[in-house]
1. Out of (1) more than 22 Å from Met100 (Cβ to Cβ); (2) in contact (Cβ under 8 Å) with a residue 24 or more places away in the chain; (3) open to solvent by 40 Å² or more (accessible area, probe 1.4 Å), what's the single condition that is false for Ser47?
2. Of all residues being of a type outside the set (Lys, Arg) and assigned to a helix (DSSP H, G or I) in the range 41-67, which is nearest to the chain's Cα centre (by Cα)? Just the residue, please.
3. Determine which member of the set Thr42, Thr122 is of a type in the set (S, T, N, Q) and open to solvent by less than 60 Å² (accessible area, probe 1.4 Å).
4. Return the residues of the range 1-33 that are open to solvent by 100 Å² or more (accessible area, probe 1.4 Å), hydrophobic (A, V, I, L, M, F, W, C) and not in a helix (DSSP H, G or I); say none if nothing qualifies.
5. Which members of the range 111-141 meet the condition of being within 26 Å of the chain's Cα centre (by Cα), at pLDDT below 90 and not hydrophobic (A, V, I, L, M, F, W, C)?
Amino acid sequence: MAKSKKERSLKRVFNRVLLGVGVVAAFIIAFYIFAVVYRGDTKPILSVADQFKPGDSWKLTEESVEPPRIMCAGDVACPSVLRRWSRDKPLTYDELRSLMEATGWEYSIRGVCDPSNLDRYTCSVTAKDYSAAMSIYVWLQVDSSSHGQISIDIRRS
C-alpha cells in the first residue's frame, strides 16, 4: 500500500522539526563546552596583582590564578588572583600602610594591626583599582610562632 501524500508531507515536516531540534541542541552543547573551556587573557589581572610588592623579606608560598571565562566554574571568581607570602615576623601597621601606598590603590584598613597584641591581631584591607575595575582584599595573619602571613585576593569588580 502506497503512502498517501498527506502522510509523506507529515513525515517530511516531522523530519525537519527533528533536524531543527538536533541542530539547536548541538549548538547549545557546543556553546556550553566553549564557555567552560575558554580561557581569557590573565595579563590585566596579573598586572594589578604585581602592583602589590611585599619586599624581599617575604617568601611567596602560594599563588593561584583563575583566567577570565564566559562561565565561571564552582565558587571561584574569574578572573582572580590569590597570593600568599610569609616571613619570620608579622607585618606592622606602618609597614602595611607603606605597602598599600606604593600600590596606588584606594584602600581602607580594618581591625587591629598591632603585632605586640597577637591575641587580637586581625587586620584586613579592602582596596579598589578603579583603572582596572578590580577589587582587592588583603588580610594579615600571625601563626602561633609569631610568623607573619599576607594574603591578597584580587577579583574583577
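The values are calculated or read from the model by the stated rules, or taken from the named source; none is laboratory data. Values in this document were obtained by computation on a predicted structure and should not be read as measured data. We place every Cβ from the backbone using ideal geometry, glycine too, and count neighbours over all the protein chains shown. Surface areas here come from the heavy atoms of the whole protein model, side chains and all, with no ligands, DNA or RNA. Shrake-Rupley method; radii C 1.70, N 1.55, O 1.52, S 1.80 Å.
1. For Ser47, the failing item is (1).
2. If we take residues in the range 41-67 being of a type outside the set (Lys, Arg) and assigned to a helix (DSSP H, G or I), then Ile45 is nearest to the chain's Cα centre (by Cα).
3. Thr42
4. Once the filter is applied, which keeps residues that are open to solvent by 100 Å² or more (accessible area, probe 1.4 Å), hydrophobic (A, V, I, L, M, F, W, C) and not in a helix (DSSP H, G or I), the range 1-33 yields only Met1.
5. Gly111, Thr122, Ser124, Tyr130, Ser131, Gln141
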